[in-house]
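The values are calculated or read from the model by the stated rules, or taken from the named source; none is laboratory data. What you are looking at is a predicted structure, and each value in this text was computed from that prediction instead of being measured. In this analysis, Cβ positions are derived from the backbone assuming ideal geometry, glycine residues included, and neighbour counts consider all displayed protein chains.
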Amino acid sequence: MTKKTVLVTGGAGFIGKHTVKALLNNNFNVVVADKKDVKEGEKGITCKYYSVDVTAEDFETIFKENKVDYIIHLAALPSVADSIKMPLVDCRDNYQATVNVCTIAKKYGVKKIVFSSTAAVYANPQYLPVDEKMYMVLVRIVSEKPELLLSFLT
Ligand SMILES: NC(=O)c1ccc[n+]([C@@H]2O[C@H](COP(=O)([O-])OP(=O)(O)OC[C@H]3O[C@@H](n4cnc5c(N)ncnc54)[C@H](O)[C@@H]3O)[C@@H](O)[C@H]2O)c1
């Protein structure tokens, strides 16, 4: 059977490195896209590595050069503190990056994307353990204080 190819965005990061290792151990072809400038073979990178920003135009090169079956999207700025300090950078690397990954996935017929979100969407949870029924902060802001969201956007 031909091996399936998984594109791991943010594959040079903390979760990404473990994900890549697990995929390789389970017989997948792995392609990494990460804006960190490390080369294939360096720092434990043992698969095809593209040093690219997923919001940039040349991100698409990966799809021209590889038949990507699945995407695990981990490229992000995970720090909540940084998102408060640098909201526009955060918006680009988290929101715009995800939109771009989904847009290109659609263009190249990639049907499955795994997206790693963050527990921060729940802020201070109303109960534990957190489950899928719990209200997310953004939903709460939009429904209860739309003027707050509008003030960010205008
Ligand atoms: N670490 C955790 O405990 C944890 C828990 C829950 C969810 N998550 C989520 O998992 C994801 C990955 O977290 P992590 O801890 O591995 O973070 P990390 O910072 O270690 O790794 C993120 C990687 O993404 C890359 N990256 C960022 N923006 C990019 C862009 N625009 N283009 C290309 N590469 C880009 C960075 O260079 C980095 O290598 C995040 O979305 C985070 O919110 C992490």
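Of note:
- Set Val80, Val6: member being at pLDDT 95 or above and either under 30 Å from Glu132 (Cα atoms) or in contact with a strand residue (DSSP E or B) (Cβ under 8 Å, 6 or more places away or on another chain) (or both): Val6
- Flag for Tyr127 being outside the structural domain of Thr19 (by TED's automatic domain parsing) and surrounded by 14 or more Cβ atoms within 10 Å (Cβ to Cβ): no
- The lone exception for Pro125 - which of (1) on the phi > 0 side of the Ramachandran plot; (2) modelled with pLDDT under 95 it fails: (1)
- Subset of the stretch 54-85 (residues that are over 18 Å from Tyr108 (Cα atoms) and under 16 Å from the mean Cα position of the chain (by Cα)): Leu74, Ala75, Ala76, Leu77, Pro78, Ser79, Val80, Ser83
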